[in-house]
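Trainee: Before I ask anything, let me first share the structure, which is written out below as structure tokens.
The values are calculated or read from the model by the stated rules, or taken from the named source; none is laboratory data. Nothing here was measured: the structure is a model prediction, and the numbers come from that model. Positions of Cβ are generated from backbone atoms using ideal geometry, with glycine treated the same way; all protein chains shown enter the neighbour counts. Note: accessible area is taken over every heavy atom of the protein model, side chains too, but ligands, DNA and RNA are not part of it. Shrake-Rupley method; radii C 1.70, N 1.55, O 1.52, S 1.80 Å.
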Amino acid sequence: MSSVLAIADGPPWGLVALGDAGTLVLLLLAAAAVAAGLSGVRSLIALAGAGFLAAAVLQLVQIGWTGANLLGGDGSTVALLLGFAVGLLALGLAPIPDSPAAPTPVTGRHDPA
């Protein structure tokens, strides 16, 4: 869906500014995130999040301090990439809870036995 927001031209869909290189980066990182999610490997999910974070930092540095704009984006691009980065990093780096002990059987007068 985010690529529709970037590729579409004008309102109401043209919400994210991206050039051709930026669209390619976004699609490649999204494909990596989907593959990591399907495989269930948490380190790959975190790696995809780190890729989105790197792209967000690159875009932010370029629009703030340099004249180059390799991704062809603006502040909306930073927000989109940062949102993906935070979500994927949270999934990839969150601790895995220990498996709960076997539940104890409940007995009592309200037990439907």
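Trainee: What nm distance separates the two modelled labels at A31 and A79, each placed 7 Å from Cα along Cα→Cβ?
Mentor: Label at A31, label at A79, 2.8 nm between them.
Trainee: Just the number please: accessible area per residue for the range 44-91, 1.4 Å probe, all protein chains included, in Å².
Mentor: In whole numbers, the range 44-91 has 49 Å² accessible per residue.
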